[in-house]
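One structure is given here, and the rest of the page talks about it.
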Amino acid sequence: MKKLIFLIIGLAFVFTYVLAVNAADDSAMLKAKEKEIWQEWCNQIPPERTIGIADFKKLYDRVMAGEEKAYLIDTRTHPEFYAGHIPGTDHIHAGHMYTIPKKIKDKNAKIVVWCRTHKRQCYVGGFLAKYGYTNVWAYSDGLVGWIKAGYPLCNQFMGLFKVVEYHKYFTGKYKKGPKAGQEKDPSRIREFHPY
């Protein structure tokens, strides 16, 4: 009887081990599918309505001078926006894009969306196009492009400020910065630690 129990436990162990070893790593497939779906959302915005830093800056200057009407919407998270944003621009967190029809009632209003780099703006812009907005634009270089071009940011603590240098801390590609996965700003104690 004991041999039978050990045999059953042994077979269960072997079966579990075989399943675990043969379990597929679907990460590559999932990444490819995410890129495919992201591209579908990007395609909701016509290519001629995707602008880079030079055109965005011209539009920004016209809007700030009152020469053109447009909603310039930063779609980053609240902490990202509060840390630093383009002065005078609007903010609606990408996860709250469903609130835009309550705030912008004109389906023909010019709406320009961006995020930190280029991911979230496609999702938000694509949804806005599906909602029925007819004049949706994507600023492709995002906040990183704005900073690299040397334009100022602002926040409630420092007012207007200029970022002197942009570092890719999160990717580990910046040679003097920490490696990927390491703390980018080491400290011993923090009351609130957002990353």
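The values are calculated or read from the model by the stated rules, or taken from the named source; none is laboratory data. Model, not experiment: these values are computed from the prediction. Heads up, the Cβs are rebuilt from the backbone with ideal geometry, glycines too, and the neighbour counts pull from every protein chain shown.
A few notes on this one:
- In the range 110-130, residue nearest to I147 (Cα to Cα) [restricted to those that are outside any helix (DSSP H, G or I) and charged (D, E, K, R)]: R116
- Qualifying residue in the range 128-147 (condition: touching a Leu at 6+ places or on another chain (Cβ under 9 Å), surrounded by 14 or more Cβ atoms within 10 Å (Cβ to Cβ) and either without any contact (Cβ under 8 Å) to a residue 40 or more places away in the chain or charged (D, E, K, R) (or both)): yes
- Given (1) under 26 Å from I53 (Cβ atoms); (2) in contact with a Lys or Arg (Cβ under 7 Å, 6 or more places away or on another chain); (3) at pLDDT 95 or above, number of the condition G132 does not satisfy: (1)
- Pairs linking a residue in the range 66-78 that is within 16 Å of L128 (Cβ to Cβ) and modelled with pLDDT of 95 or more to a residue that is surrounded by 11 or more Cβ atoms within 10 Å (Cβ to Cβ) and among the acidic types (D, E), with Cβ atoms under 7 Å and 6 or more positions apart or on different chains, are Y71/D90; L72/D90; I73/D90; D74/D90.
- The requirement of being out of contact with any helix residue (DSSP H, G or I) (no Cβ under 9 Å at 6 or more places or on another chain), assigned to a loop (DSSP other than H, G, I, E, B), more than 28 Å from I111 (Cα to Cα) and modelled with pLDDT under 95 is satisfied by K173.
- Looking at A180, A149, A94, A138, just one residue is modelled with pLDDT of 95 or more, at negative phi and small (G, A, S), and that residue is A138.
- Flag for T50 being in contact with an Asp or Glu (Cβ under 8 Å, 6 or more places away or on another chain) and of a type in the set (S, T, N, Q): no
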